[in-house]
Amino acid sequence: MKNTFLSVVMALLLSSALYAQNDVWQATRKKPVIPAKGAFYTDAYRNVFVEAGYSGTDVSAKLELIWQQLFYGDSLTQRVYYPVGTDEAYIYDTGNRDVRSEGMSYGMMICVQMNKQHEFDRLWKWAKTHMQHQSGARKGYFAWQMDRHGKIIDPGAASDGEEYIVTALMLAANRWGNGVGIYNYSKEANEILRLATTKDKGDNKPITNLFNISEKQVVFVPSDEADDFTDPSYHLPAFYELWALWADSDNAFWKQAAKKSRLMFPKFAHKDTGLMPDYANFDGTPKHVGGHGDFRFDAWRCVMNMAVDYAWFRKSGSEPELINKIHRFFMNQGIKTYGNQYTVEGKKLDLPHSAGLVACNAVGVLGSNRVEAWQFIDDFYNTPIPSGLYRYYDGLLYFISYLHLSGNFKIYKPVKP
């Protein structure tokens, strides 16, 4: 088994090296072709790596390698998934030494897409049992920060965690069917949405709704101290479109929220660079709090969110325009050397060429028809799977991005009776 694993690794490394050196192959590439209809309507999901010229066998082998490393690799240097007892598990932020709703939600989504119900149920039970508030004004929300023993560090909610958890539960229900108790995935998803949109009814102060109802935008934190602004990377119009179809209530609102997010992306983006800030006011201007008016770690995900929405639904012409603008900016910075933090105007703030940003930029190719975009695919494919102390955020974005680009991040629709 060990020899087989090493053979796969060596084959992938050799394949990457050959492609990096093959100038003739680079020169013969044609522009990416964006399908005429979104994947939601066709159920066809692009394997962009294969389109770029990589071997389908190697692409599939690497996906399995990513799963094995990040979920079952070395406990000290590779994995982020840690089982507890017989039926629970958590995703560990190895750099900050905590468990975050963001990571749990990403882990659940990865498991749905990889058809790993056993691991999904373990993560969901840990989140439901230890992380979700079961009473009081916060009922339904998930504490964004915990220790690995299930003790709450910060009880507040980070809205992207709820968004991914809800969508992962809906897709789980459609792919595997509903179980009983907490494994009735549809019921759990709808209860989270119901509680998250009714905090304005009753005595729940200072806790507020997950979305600002009048602005139709997700809030940074659903609490009085941080609900008057948003986070552009929390805007997930592709998810809201699915909620509009599958949620038990507020369907018209979720449709409006999807439309509003698509309208906001050009307002969030700087006119020259296309870069978006970590935090933004509801009018789209940067929210200058603790440096988060700049393009930092949260904002990496904006290009991915736009590309996936365009690939699935094709409802906004501004998304590919912005993706191309962002790609041009990073091309000018150096495809293999651009940094990981900038002012939105384009001044470099930090040097590392981070795997998570490389991955998200590559997903942008789903919404690009420019031949230069293939260079983002090469940069990602040749980037090693994150390991070491800071493997958590880079690693999860790497995994999610690889699923999208290999055609393995899919919309699982309800089974017709």
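Shape call for the stretch 169-243 from the C-alpha gyration tensor, a ≥ b ≥ c root eigenvalues: rounded (a/c under 1.5), prolate (a/b greater than b/c) or oblate? Taking the square roots of the gyration eigenvalues as a ≥ b ≥ c, the stretch 169-243 is oblate.
With Cα atoms defining each centre, the stretch 173-230 and the stretch 70-86 are spaced 30 Å apart in the structure. Relative to one another, the C-alpha centroids of the stretch 351-396 and the stretch 279-295 are positioned 24 Å apart.
Model label sites at Asp203 and Arg328, defined 7 Å from Cα along the beta-carbon direction, differ in position by 5.7 nm.
Percent of Cα-Cα pairs more than 13 Å apart in the stretch 287-345, please. Considering the stretch 287-345, 67 percent of its Cα-Cα pairs are separated by more than 13 Å. Can you give me the pair-distance distribution of the chain, C-alpha pairs, 10 Å bins, whole percents? Once binned at 10 Å, the Cα pair distances of the chain give 5, 23, 34, 27, 10, 1, 0. Available extension along the chain between Asp248 and Asn184 is 21.6 nm, counting 0.36 nm per residue and deducting the alpha carbon span.
What the Cα convex hull of the stretch 217-330 gives, in volume per residue, is 97 Å³. A P(r) calculated from all alpha carbon pairs of the stretch 49-148, with 5 Å bins opening at zero, reads 3, 12, 20, 21, 17, 11, 7, 5, 2, 1, 0 percent. Over all distinct Cα pairs, what is the inverse of the mean 1/r for the stretch 333-406, reported as the Kirkwood hydrodynamic radius in Å? This gives a value of 12.7 Å. Applying a length cut-off of 18 Å (Cα extent along the axis) and a mean Kyte-Doolittle floor of 0.5 to the DSSP H helices of the chain leaves 2-21, 101-114. For the chain, a simple Cβ point-charge model (Lys and Arg +1, Asp and Glu -1, everything else neutral) yields a dipole of about 880 debye relative to the Cα centre. Considering the stretch 33-97, its Cα convex hull presents a mean projected area of 7.5 nm². What the Cβ-Cβ distance of Glu321 and Lys31 gives, at R0 = 22 Å and to the nearest 0.05, is a FRET efficiency of 0.90. Pairs from the table (Lys116/Lys413; Lys271/Lys315; Lys116/Lys410; Lys139/Lys187; Lys116/Lys260) lying more than 25 angstrom apart at Cα are Lys116/Lys260.
Computed over the stretch 85-234, the quotient of the alpha carbon radius of gyration and 2.2 N^0.38 Å is 1.00. Eigenvalues of the alpha-carbon gyration tensor of the stretch 267-416, scaled by 5 and square-rooted, set the equivalent ellipsoid semi-axes at 22, 19, 16 angstrom, largest first.
Bear in mind these aren't lab numbers, they're just calculated from the coordinates by the rules spelled out. Being a predicted model, the structure only gives us computed values, none of them experimental. Counting neighbours? That spans all protein chains shown, and the Cβs are built from the backbone with ideal geometry, glycine included.
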